[in-house]
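Read-outs: derived from the displayed coordinates by stated rules, not from any lab. Note that this is a predicted model, so its numbers are computed, not measured. Cβ sites come from the backbone with ideal geometry, for glycine too, and all protein chains shown count toward neighbours.
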Amino acid sequence: GINAEYGGEDLANVNYDDYAASSREDVNISRASLVTVHTRVISTHTNMHRCQVIWDRTVSEGLTLEDWVNVRHKEYRPESAMGTVGYFLGIHILPHALRVVALIFALISLVVVWSEMVFSVKKPTLSLCALVVSAVGSPAIVVVVCVCFISYMCLCAYYTIFKLRVFNYYYMAPAQQTDDYSLLFSATVLSRLTTPLSLNFLSVVHLDPRFNSDILTAFTRIMGSFEVIPFIAQGFNVYYPILIALIGLATLFKLGTRCLSFLGFETFLSDDEITMDFVDEGKQLLLRERRARQ
């Protein structure tokens, strides 16, 4: 981060004797230069503090996971009863709970992806989301089902936004270390995504006027429908959602990561030799931090 702030210059190779040998007449001190130095110092200090907090958090998580592995292989014994309970939950309960949650999310993902691909077909109704909503008779249950579907769609869409990173300028850092510019950037993207996501959900569950003219929601009463744009309603809106299946398959088989690795970018692949070197280096770093904390 510091090297990037100073134009990529390697600070370790800077000859500081040249600065000490220079006379005061050669130094051009002005208000603009002081403002520039002050801005760089603030930015560098912020980056240093962020990296230190993220490093401490990552090391703590790594040591905890390593302890779980040692306890599972009976190489480490907890010292207290609370520690025993925590390790029992983390080793025996948490993995099974995560598998159940993953299975539920996988089923919902299949339902949503299929519904996105075929929601433009009016008769017969092929969208599973629309079939579930139409099969529910009680309005209260309809609201609950709709909230569940749209909450999952928002979770998937917003999780991608939170993981979005534009070099080292805009990204969401953990442990409340995100700068104000990145927060504003993420808030802007989220606000722009809310309206099309809501309109897409209404189309998936066939609550849009072009699927059922007898239903007019408050959203479509204000924002309108896709029918006003023939190109989107008849062409783009029919074929573009099919790409969701292709993107899902590419993500499942890590095609993007493999392409970046082929082009020379550092990526994490379990079957890559460079990745195994990173894993070995991480083990050594954790061993050093464990010794330093003891």
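Given R₀ = 25 Å, FRET efficiency for Arg291-His49 by Cβ-Cβ distance, to 0.05?
Numbers: r = 25 Å, r/R0 = 0.98.
Efficiency for this residue pair is about 0.50.
Name the shape class, rounded, prolate or oblate, that the alpha-carbon gyration tensor gives for region 61-207, where a ≥ b ≥ c are the square roots of its eigenvalues, rounded holds for a/c under 1.5, and otherwise prolate holds if a/b is larger than b/c and oblate otherwise.
In terms of gyration-tensor shape, oblate.
Please compute the length gained on full extension between Cys156 and Ile222, using 0.36 nm multiplied by the number of residues separating them and subtracting their Cα-Cα distance.
Computed gain between Cys156 and Ile222 is 21.2 nm.
Straight-line reach only, C-alpha to C-alpha below 28 angstrom: list the lysines that Lys283 could link to, leaving out same-chain residues fewer than 8 apart.
Lys283 reaches Lys74, Lys163, Lys254.
Want the number for Ala106 to Arg57: 0.36 nm per residue separation, take away the alpha-carbon distance, what's left? Don't skip to the answer; put the middle values down first.
Values: separation 49, 0.36 × 49 = 17.64 nm, distance 2.95 nm.
Working it through step by step, the gained length comes to 14.7 nm.
With contacts defined as alpha carbon pairs under 8 Å and 6 or more residues apart, what's the relative contact order of region 62-195 in percent?
10 percent
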